[in-house]
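S.K.: Input: one structure, supplied below.
The values are calculated or read from the model by the stated rules, or taken from the named source; none is laboratory data. Keep in mind that what you see is a predicted model, and the values were worked out from it rather than measured. All Cβ positions, glycine included, derive from the backbone under ideal geometry; neighbour counts span all protein chains shown.
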Amino acid sequence: MLRSLFIYCFGSLLISSAAYATSINAVIGLDRSQVLEHGKNKLAIIPGSLTPLEESFPAILQSQKTPHDKWVYQINKNIRIEHKQRDLSFTGQLISVQSPMATFDIKIGNHVSQLPLNDFYLFPLEKEDSLAEATIPYVPLSYQTEELTWTPQLSLIIEGSRIAILQNAMLHNHSNIDITLENTLLHYFKQPVTQLTKSNRNLTAMAMEVAPQTQVQNIDNEILYPLSGKNIQIPARSDLLYPLPSSKSFIDKQMHSATLYTHQNSRGEIPLNFDYQLTFKLEKDSLPGQYQILWKKGQLLIPSRSIAISKARAGNIINVTTNKSQDISGQLTLLEASSRQLPSFQTWQTIITNHSSQVQNYAITHNTNAVVNLIKGKGVEKINANGVMVSGQVKPHSTKTVTYQIELKN
């Protein structure tokens, strides 16, 4: 049952549908949303979060919620169910719900079957008779719900000396009704537990030509993205991929780096494990989070590791470790030591080999377990009380040797 839909449009995002009567305003969070509605609530309310926005209002009566309320309201009504993992769907009359056992009985034709509640999505075919809906007066209401959430979809695409910062939002409608979002904000405030949905129920929309003009905003130390003025329609139990502002930056530095620790009793050759790193500056405020790294080669994208960017403000310098270096290798060897005890004078030799056809930059951070003084060494500098850095360039298909002497003391 293929329900994926790709829409390419120019300008505002529009998804056609037969009817989307349920319109809401919301601040959509990563694991819950703060919804504003007038009159009957449309989504399941988190207990204790309902707030009328008028000083004087009629008393509000709500039924006590259970995990299977949506099913209970459909007893003796015709429903459609779809399996969450398999391509199975049935239409029939809901006979009963057994909450303690998390099962339900459905009459399909002349046969009654008992099925597990947690394995199926419910799609009502008739209007619900909900006590909560019937008794909430027509007043402005604010409440929290877990039926509307979003997940950042973040990528870094590297091509030559440029890096593209791509940002999208996957909007999740976990409810059984179609909704339209009006005057809505995305709110990034914590990392939720990822909720997986059946992939062939994803509804994907991509604006290919015109990117949104609104930018990520940092207000009162909160990270927000406004969707104001756009009617965004999401069918029941579906996901919508929505484009957010993206940007590009120049890569300022590319480096092969290695870090190692030694002590006064270190002996023999120590292999150097290099990582490939690059540095760039953010041109615009962006979303923090986990970014998937992709290398662009022609029309193809090669996936690499993902990295976490915690501070994504404009002007921030971002250091990215993309993968293990395949271009250079090396080793560090202790040539001489005056003593195995502190203080001690040590002479070290590092050998770096460039296996590629291009000049490569390298930086080796050598940390010790004592206070260190640099005695001599070309291309070596002291970086802190306990360490030195060996850095420079190595020519294509060649080997470079650097020898330096340090003093270790208490």
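S.K.: Can you name the residue in segment 34-49 that is modelled with pLDDT of 65 or more and more than 20 Å from residue 186 (Cα to Cα) and is also surrounded by the fewest Cβ atoms within 10 Å (Cβ to Cβ) among such residues?
M.R.: It comes out as 48.
S.K.: Looking only at residues that are polar (S, T, N, Q) and in a strand (DSSP E or B) in segment 24-54, which one is farthest from residue 178 (Cα to Cα)?
M.R.: 51
S.K.: Give the residues of segment 395-410 that are over 16 Å from residue 332 (Cα atoms) and surrounded by 20 or more Cβ atoms within 10 Å (Cβ to Cβ), sorted by residue number.
M.R.: Result: 408, single match.
To keep it simple, each residue is scored yes or no on (1) among the hydroxyl-bearing types (Ser, Thr, Tyr); (2) touching a Cys at 6+ places or on another chain (Cβ under 6 Å); (3) under 25 Å from residue 180 (Cβ atoms).
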| site | (1), (2), (3) |
| --- | --- |
| 233 | no, no, yes |
| 239 | no, no, yes |
| 243 | no, no, yes |
| 253 | no, no, no |
| 257 | yes, no, no |
| 264 | no, no, no |
| 267 | no, no, no |
| 270 | no, no, no |
| 273 | no, no, no |
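S.K.: Do we have any residue at all in segment 242-262 that's more than 22 Å from residue 365 (Cβ to Cβ), crowded, with 16+ Cβ neighbours inside 10 Å and among the aliphatic types (A, V, I, L, M)?
M.R.: Yes, the conditions are met somewhere in segment 242-262.
S.K.: How many of the residues making up segment 225-262 are at pLDDT below 85 and more than 27 Å from the chain's Cα centre (by Cα)?
M.R.: 0
S.K.: List, please: which pairs have Cβ atoms under 6 Å, are six or more places apart or on different chains, and start with a residue in segment 381-400 that is under 17 Å from residue 260 (Cβ atoms) and end with one that is of a type in the set (Asp, Glu) and part of a strand (DSSP E or B)?
M.R.: Going by the 6 Å Cβ cut-off, the qualifying pairs are 389/381.
S.K.: Could you check residue 354 against (1) out of contact with any Leu (no Cβ under 9 Å at 6 or more places or on another chain); (2) under 30 Å from residue 410 (Cβ atoms) and say which number it fails?
M.R.: Only one criterion in (1) out of contact with any Leu (no Cβ under 9 Å at 6 or more places or on another chain); (2) under 30 Å from residue 410 (Cβ atoms) is unmet by residue 354, namely (2).
S.K.: Evaluate the following for residue 354: is it within 30 Å of residue 265 (Cα to Cα), surrounded by 17 or more Cβ atoms within 10 Å (Cβ to Cβ) and touching a Pro at 6+ places or on another chain (Cβ under 8 Å)?
M.R.: Judged against the criteria, residue 354 is a match.
S.K.: Ok, one more. Can you tell me which residues in segment 167-189 are under 14 Å from residue 27 (Cα atoms) and hydrophobic (A, V, I, L, M, F, W, C)?
M.R.: 169, 171, 181, 185, 186, 189
S.K.: Turning to a different aspect of this structure: If a residue counts only when it is in contact (Cβ under 8 Å) with a residue 60 or more places away in the chain, which strands (runs of 3 or more DSSP E) contained entirely in segment 336-377 have at least 2 such residues?
M.R.: Correct list: 344-354, 360-368.
S.K.: Taking segment 359-393 as the search range and keeping residues that are surrounded by fewer than 17 Cβ atoms within 10 Å (Cβ to Cβ) and of a type in the set (Val, Ile, Thr), which one is nearest to residue 408 (Cα to Cα)?
M.R.: Taking the candidates together, the pick is 371.
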